[in-house]
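In what follows, a structure is listed as structure tokens, so that the remarks can point back to it.
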Amino acid sequence: MSPVPTDLSDALTSPDDPATLDRLRARLAGTADDRELLDVAYRTLDSPLGSLLLAATDRGLVRVAFAGEGHDAVLQELADRVSPRVLLAPGRLDTAARELEEYFGQARSAFDLPLDLRLATGFRREVLEQLRGVAYGTTTSYAGLAARTHSPRAVRAVGSACATNPIPLVIPCHRVIHSDGTMGGYRGGPAAKRTLLALEAA
Amino acid sequence: MSAQRLAPFEEIVERHGATVLRVCRAVVGAEIAEDAWSETFLSALQAYPQLPADANVEAWLVTIAHRKALDQLRARRRRAVPTAHVPERPAVPAPGLDTELVAEIAALPDKQRQAVAYHYVAGLPYDAVADILGGTAAAARRAAADGIAALRRTYPTTAAERGTPARTHR
């Protein structure tokens with residue numbers, strides 16, 4: 001094989017301008033959505049709790065993830081459990097992002113968003129449905145939440161349902177604390193839980 | 001299936017988007033490269049869930065780009081006004097890919113142009129290039145070598161004209 005002159009070889013593999021690629025990628029996300037090929041749209045949102053990952057299917061918000069969970073790992077989990085057709089497509093998450101910003105700005109106490117609870121099944125899903133009824137600025141205990149389900153004695157199972165809540169903040173698992181008043185765990189870390197309860201108490 | 005782990009498609013676009021754009025520009029010219037790129041990734045997105053997790057993603061994308069580029073060229077020829085000498089692949093300035101080079105690649109015969117794009121621009125081995133073009137790996141190698149030889153006859157001159165000294169190869 002004849003070797004390729006360096007300048008020719010460099011020219012053949014020259015990097016493309018990022019601006020063109022950004023424009024093409026944005027166009028791809030839009031067209032994919034129009035053609036119903038966008039199974040999971042996501043974006044990130046800067047918040048007082050750090051960078052949040054928001055992801056939605058065509059049914060609604062399916063995942064909110066904290067930076068500590070590793071956004072790449074969460075996207076891979078979505079590819080595995082929902083669909084690998086995952087694209088950065090902020091448009092579908094405009095409303096969710098705006099409502100979360102209002103929430104952090106103390107201008108919103110309830111979310112009005114379609115949710116897709118497919119990442120929680122069985123009893124965990126029942127717990128999340130009950131959790132949606134725990135109002136802003138109030139708390140309940142794991143035992144109290146269990147009492148609202150079909151298995152009022154399943155306090156530990158309620159704890160794990162909260163710990164694996166796929167849509168924290170919007171489904172307010174941070175409002176569930178221990179019966180003795182101690183905080184309990186949180187997917188976003190104990191400091192995040194304290195911050196949220198303080199925000200809602202203010 | 002838990003054994004099959006396809007990366008989120010965004011990662012595929014991130015990793016291969018620039019290469020596919022260069023390939024499209026080399027094969028169909030800058031003017032319709034962006035449409036070819038978009039159609040390639042839409043088609044890939046549609047088929048993606050069925051892709052075996054151990055597939056060569058780059059070869060798969062270039063194969064789709066090859067088909068989409070041909071579609072775009074055919075559509076363009078249908079729309080073209082039949083006059084005496086319409087340039088088939090107009091050279092339009094392309095940011096990132098040398099304008100002179102794009103023009104010279106456009107002037108190559110189809111097989112040579114495609115072989116150069118898939119081997120030298122996309123970096124595919126010749127057996128993968130042969131899978132896309134049909135024929136043998138040896139034929140793909142010859143087509144790419146002929147294409148490079150033709151480009152080399154003109155390209156160092158244009159580089160020198162721009163003040164970039166053309167390097168001789170060992």
Spatial separation of Cα centroids for region B:98-130 and region B:59-74, in angstrom:
13 Å
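Which order do B:Trp37, B:Trp60 fall in if you start with the one that has the fewest other Cβ atoms within 10 Å? Numbers along the way, then the final one.
Numbers: B:Trp37 28, B:Trp60 18.
Listed from fewest to most nearby Cβ atoms, that is B:Trp60, B:Trp37.
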Inter-chain Cβ neighbour average for residues A:68-75, partner chain, 10 Å:
1
Arranged by the count of other C-beta atoms within 10 angstrom, fewest first, what order do A:Phe104, A:Phe123, B:Phe41 take?
A:Phe123, A:Phe104, B:Phe41
Range of Cα positions in the protein assembly as shown per principal axis (Å), largest first
83, 46, 40
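So how much slack lies between A:Asp17 and A:Glu102, counting 0.36 nm per residue of separation and subtracting their Cα-Cα distance, in nm? Please list the in-between numbers first.
Values: separation 85, 0.36 × 85 = 30.60 nm, distance 3.62 nm.
Separation in residues times 0.36 nm, less the Cα-Cα distance, equals 27.0 nm.
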Using bins 5 angstrom wide from zero, how does P(r) for region A:21-104 break down, in % of all Cα pairs?
3, 15, 27, 24, 19, 10, 2, 0
Quick shape summary for region B:1-81, equivalent ellipsoid via Cα gyration tensor, semi-axes whole Å in descending order, reads 27, 12, 9
Could you work out how far the C-alpha centroid of region A:32-52 sits from that of region B:30-47, in angstrom?
22 Å
Restricting attention to the protein assembly as shown, give the cysteines that have no other cysteine Cβ less than 4.7 angstrom from their Cβ.
B:Cys24
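Can you give the helix-only mean residue ellipticity at 222 nm for chain A, where every DSSP H stretch with n ≥ 4 adds -39500 (n - 2.57) and the sum goes over all residues, rounded to the nearest 500 deg cm²/dmol? Let's see the in-between values first.
Working: 8 runs with 83 residues, N = 202.
Here the helix-only value at 222 nm equals -12000 deg cm²/dmol.
Within 10 Å of each Cβ in A:79-92, how many Cβ atoms from other chains are there, averaged over the peptide? Write out the running numbers ahead of the final one.
Values: counts 9, 6, 1, 0, 5, 14, 8, 9, 7, 5, 1, 0, 0, 0.
Taking the mean over all residues of the peptide, I get 5.
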Ordered by fewest other Cβ atoms within 10 Å, a rough proxy for footprinting exposure, A:Ser179, B:Ser43 read A:Ser179, B:Ser43
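Within 10 Å of each Cβ of B:13-21, how many other protein chain Cβ atoms are there on average?
Working: counts 7, 3, 0, 0, 8, 8, 2, 3, 5.
What the average comes to for B:13-21 is 4.
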Once both label points are put 7 Å beyond Cα along the C-beta direction, the A:Arg35-A:Arg81 separation in nm becomes 2.9 nm
With A:Ala67 itself left out, Lys, Arg at +1 and Asp, Glu at -1 over residues whose Cβ is under 12 Å from its Cβ give -2
Return the whole-Å distance between the Cα centroid of region A:154-202 and the Cα centroid of region A:65-141.
14 Å
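Given C-alpha coordinates of region A:1-158, what is the ratio Rg to Rh with the Kirkwood estimate of Rh? Each step should come with its number before you reach the end.
Values: Rg = 21.5 Å, Rh = 18.7 Å.
Result: Rg/Rh = 1.15.
Where a number appears in this text, it was derived from the coordinates with a stated rule and is not lab data. Source: prediction; values computed, not measured. Backbone-built Cβ (ideal geometry, glycine too); neighbour counts: all protein chains shown.
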